[in-house]
Structure formats: C-alpha cells, structure tokens
Amino acid sequence: MDIAEVLKHTSPDLFIPDLEASDKTAALAGLVEGLITGTNIQNPDTILQMLQSRENLGSTAVGPGIAFPHGRTLAVQRLTILIARCPAGVDFDSEDGDPTKLFFMLIAPPQDTGHQYIKSLAALIDCIQDADLREKLLAAGDYESFCAAMTEG
C-alpha cells in the first residue's frame, strides 16, 4: 500500500503538531483527546482502555523515536489515523530506550474487509525507517508539509 493511500485516513483535524505529555499515560490520553476533538467519534474511555490494553501486551514504540498505538474497537466505523509530534519526547517504553517523538495512532473497526488497518500499519512502519524522513517530519511546519514529506519519502 502506498503512503498517499494511508494518508487518506487522516486529516488536518487529526494532526497534533505539539503533543504535550510527561509520560506514556498522558501521551495516550492526549492522543485520544485529539481523536475525539478531530472527529465525531464518541466513547473516549473505550478507546483509551483499548489502547492501554494493547500497550500492556507490549509497547507500540518501535524506535527510533516512533510509536504506533493501534487497535480495533466498535467505537469507530472506519479506519482513522491520528498523527502527533511530541518535540520534547516522552518515555513510551521503547525497546531502544529513547524518547518517542512521533506517534501514528491507528483505530479501526473490528470488521475491516479490505485489511486497510494492517496494510496501513505496515506501510507506515516501512516508510518511517528512513532517518532523514523522520527529521523532516519533526521539522515540518504544518500538516500539509508533514504529508508532503511522507509522500516524497
């Protein structure tokens, strides 16, 4: 799946350029708050609980400086991707121990007939491996330049 297709599941309303969080719990809460603010999705407690349960299985911070909190829930009708940056970084229990600065949160319904959720997650993980791209994403001034860097990368 190409990144332009993945980015169709997000929007400027689902972009947090300056997530403020002091720890993993606060980061997840901030991501869910951004999701609720940027969409008509209800049930923030359900979504937060689902994300926390997923994190209890193992951190979604895959390093270097990137996390992909994700899961399935009946609280959404379609795949929704929220993108956030935490310039100061936050301890998200990454395997490499480094602070996490980029978050790609994927929330999908249980029934995903085209497997968009898994395909999108795989495409994001593959794309973000480039160190130069990560630096461009951290420096991007706004949503449009962030997405431009993603598609060019």
- Query: Quick one, which of [x] 1.02; [y] 0.94; [z] 1.47 is the actual Cα Rg over 2.2 N^0.38 Å calculated for this model?
  - Reply: [y]
- Query: Using unit Cβ charges (K, R positive; D, E negative) and no other charged atoms, how large, in debye to the nearest 20, is the dipole of the chain about its Cα centre?
  - Reply: 480 debye
- Message: Helix-only estimate, please: 222 nm mean residue ellipticity of the chain, summing -39500 (n - 2.57) across DSSP H runs of length 4 or more and dividing by its residues, to the nearest 500.
- Response: -12500 deg cm²/dmol
- Task: Only Cα pairs under 8 Å and at least 6 apart count here; give the relative contact order of the chain as a rounded whole percent.
- Result: 26 percent
- Query: Shape call for the stretch 52-103 from the C-alpha gyration tensor, a ≥ b ≥ c root eigenvalues: rounded (a/c under 1.5), prolate (a/b greater than b/c) or oblate?
  - Reply: oblate
- Note on the structure: Note: residue 5 to residue 33 extended length (0.36 nm per residue) minus current alpha-carbon separation gives 7.6 nm
- Given charges at Cβ of Lys, Arg, Asp, Glu: the chain dipole, positive-most of 42, 99, 11: 42
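Read-outs: derived from the displayed coordinates by stated rules, not from any lab. A quick note: this is a predicted structure, and the numbers were derived from the prediction, not measured. Note that each Cβ is placed from the backbone with ideal geometry, even for glycine, and that neighbours are counted across all protein chains shown.
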